[in-house]
Each structure stands twice: as C-alpha cells, then as structure tokens.
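The values are calculated or read from the model by the stated rules, or taken from the named source; none is laboratory data. Predicted model only: the values in this text are computed from it and were never measured. Positions of Cβ are backbone-derived with ideal geometry, glycine not excepted, and every protein chain shown enters the neighbour counts. All accessible areas refer to the heavy atoms of the entire protein, side chains included, with ligands and DNA or RNA removed. Shrake-Rupley method; radii C 1.70, N 1.55, O 1.52, S 1.80 Å.
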Amino acid sequence: MTKRIVAYTRLKPIHLDQLRQRFHVDYFEALKSTDDPGFRQALGQAHGLVGSSLVIAPELIDLAPQLEAVATISVGYDNYPVEALTRRGILLCNTPDVLTETTADTGFLLIMATARRAIELADLVKRGDWTASIGEPHFGTDVHGKTLGMVGFGRIGAGVARRGALGFGMRVLYACSSPKPALEQELGAVRCELDELLSQADFVCVTVPLTAETTHLIGRREFGLMKPSAIFVNIARGKVVDEAALIAALETGEIHAAGLDVFEQEPLSPESPLPHMANVVALPHVGSATHETRDAMAQRAVDNITLALEGKRPLSLVNEVAWRGETP
C-alpha cells in the first residue's frame, strides 16, 4: 500500500517530486485556512502531513486516524498540539540547525539597523530630505564594545552572541534554564538571572521558544528594568512579549528602540503603531527567509517525513518519547 501525504504549503517541484516517488501526495499549494473542505477530507486518509504557518488544532488531528508523522518546515512548533500528537504516537519533526546561522544573521541585522537607525536614515535619503550634513539629531549608537543580553541561549541565541562577541567585541550575558559552559569559555559569556541581565544590557535579544512559561515573558515590569538607552530585539515569537507593554515603553522613552521580526498577530495589523515609530525597525517575520535556507528547510522536512513513514528515525524530532513508544 502506498502511503499518503498531505502537503499544505508551497513546495518546489524538486521537493514534490521526491515525495511523489514514494508516496501519494495530496497537494494544497496555497492553503489559506484549515477549514478548507478538501484539506479536511484528505486528512482522513493521510499518513503524513507536511507544511508550515497554519495552526493545526487537536480536532484536525482527530480527523486523521491513520496519521503517523507531521513534518513542519520550521524550527518552532507552537502551531502543533504536541501533547495530542504524542498521545497517539504521532511523530512531530522540525527543521533546526539548517536555519540557525541565517536567523542569527537576522538578529544581528536588527541590532545593527536599530542602533544605527539605518531604515530611518535610508528613508530620509529616499524622500530627498538629505539637504545638509547629518548632525546630532540623526546620530545612532555604537554596537561594538557594548553589553549584549541574550534571553535564551540555544542554537540561534548562541549564533547571535557569537557575532556580537567575536565580531564586535561585545560583553555577553545570558539568561537560560541551564548553564552553557562551552559557550562561556568560547565567548566569555556570563550566565545571570533575567532581572540582572535586563538591568545591565545595552541590547536585549530574545530567542526563547514559545511555551506556556514564556508567553509574555517580557512585559511591563521587565521593560521597566531596562536602561532608557536599551535596544530591544525579538526574533523568537511575538507572544513572548506583551506587545502593548512594548509599545508603551517605546512611546514613553522607557527604552530607546526596538528591532522586531515577530509580532503577537501576524501579519501585523495596519492599525499597529509599531511600524510607524521612528525608533522601531519592523520586519515581516523573515528570520530564515533566504533562498538557500528555505530550500534547506524544505529538504529537511521531506527527509524527515520520508524517514518517519519508512519506519526510520527522522533527522529532527520534537517528541522523542513518541519515537520510543513512551506515549503518555
């Protein structure tokens, strides 16, 4: 029997062909909603699921009695009901490693662009408003030699810190649930409590995964601990930050500026004040968005789902206990 895969995101022909060589593929190239009748019907026969961006609720998993594995084309997996999948022994695969360096590039891009006011000043030139030598009202702030506070110190956080410490001579502080002795030795990084990090850092960069514990991890109280000169960068998930508190901190000058690639609601509402603030650099969630990295992520997802449906261990597995058969 040929197993069936439901692919609900745009894939390049090379990746689709790889899947079709082994499986029957129900392909929903531009699925906008999981309420789509065809998609929901296809779930009834699906052994595998490949996609990204859309929220896969537990009730959708209930529509797929034969489901064995899900491969998300992302490192984050907050769009998936991990507990419900694990209870049924369904493997959940993601794509870490292949996007680490590209996403770290984006994090440091936001640090640099925000500190040096790159977007704001580029717009000034585009408008034809550069009519005299730039003076103090348009000065930025240095990055080299400053203190970088990393909230989260996994692969991506370490990548950002490595750029700061080795490339810009920055002092690195990190708040993390477990110590990282190898990174401490490599980068001179110092582990500290979150409150201490927030009060000392010139740049605060958030890279933690979104969980129940990290939802609104950074809010009004935390912004109040930061320096008035602090620059806040978020490349994690939007809901890690209380966005209303962030807006208030920026409007009142409680913090200096922010560089943001993620938001509580995506796409960002046109009504949000954030993209209209001169002290905000806002990007449309492009952390891993390069041709090379997105191709590598898609390939990793194809490899993961193929291995899983052939009874082999995927390259990147979120719920290890499901692979071991230790379902709750």
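Test of understanding: what is the full-extension gain from residue 83 to residue 321, defined as 0.36 nm times their sequence separation minus their Cα-Cα distance?
84.6 nm
Calculated FRET efficiency, residue 131 and residue 229, Cβ-Cβ r, R0 30 Å, to nearest 0.05?
Once the sixth-power term is evaluated, E becomes 0.55.
Using 7 Å Cα-to-Cβ label points, what is the residue 177/residue 17 separation (nm, one decimal)?
With each label placed 7 Å out from Cα toward Cβ, I get 4.3 nm.
Roughly speaking, to the nearest percent, how much of region 25-83's 1.4 Å accessible area is carbon and sulfur?
51
For region 184-294, what does the relative contact order come out to in percent, with C-alpha contacts under 8 Å and a separation of six or more?
22
How high is the relative contact order of region 68-155, in percent, with contacts defined as C-alpha pairs under 8 Å that are six or more residues apart?
25
Give me the Kirkwood hydrodynamic radius of region 1-106 in Å, from all C-alpha pairs, to one decimal place?
One decimal place: 14.3 Å for the Kirkwood radius.
For residue 32, list the lysines whose Cα falls under 30 Å from its own Cα; do not include residues on the same chain fewer than 8 positions away.
3, 12, 239
Quick check: convex hull of the Cα atoms in region 73-133, volume per residue, rounded to a whole Å³?
Each residue corresponds to 113 Å³ of Cα convex hull volume.
Can you give me the long-range amide H partners of residue 259? Hydrogens built in the peptide plane at 1.01 Å from N, cutoff under 5 Å, separation of 5 or more residues or another chain.
Correct list: 232, 233, 234, 281.
Given R₀ = 22 Å, FRET efficiency for residue 213-residue 271 by Cβ-Cβ distance, to 0.05?
0.15
Tell me the Kirkwood radius of region 24-83: reciprocal of the mean inverse pair distance over distinct alpha-carbon atoms, in Å.
Roughly 11.9 Å, rounded to one decimal.
Compute the Rg/Rh shape ratio of the chain: radius of gyration over Kirkwood radius, all on alpha-carbon atoms.
With Rh from the inverse mean 1/r over Cα pairs, Rg/Rh is 1.02.
Using r as the Cβ-Cβ distance of residue 244 and residue 101, and R0 as 22 Å, what FRET efficiency do you calculate, to the nearest 0.05?
0.10
In whole Hz and in residue order, list the ³J(HN,Hα) couplings for region 187-192 that follow from phi through the Karplus curve 6.51 cos²θ - 1.76 cosθ + 1.60, θ = phi - 60°; x for Gly and Pro.
Each residue of region 187-192 in turn: 10, x, 6, 10, 7, 8 Hz.
Suppose all protein chains stay in the model; what accessible area per residue would a 1.4 Å probe give for the chain, in Å²?
48
Treating the beta-carbon of each Lys and Arg as +1 and of each Asp and Glu as -1, no other charges, what is the dipole magnitude of region 116-204 about its Cα centre, to the nearest 20 debye?
360
Please state the relative contact order of region 130-261 as a whole percent: Cα pairs under 8 Å, 6+ residues apart?
In percent, rounded to a whole number, it is 21.
Stokes-Einstein at 25 °C, 0.890 mPa s, Kirkwood radius from Cα pairs: D for region 151-198 in µm² s⁻¹?
D = 233 µm²/s.
Report the far tail of the P(r) of region 217-328, meaning the percent of Cα-Cα pairs longer than 18 Å.
61
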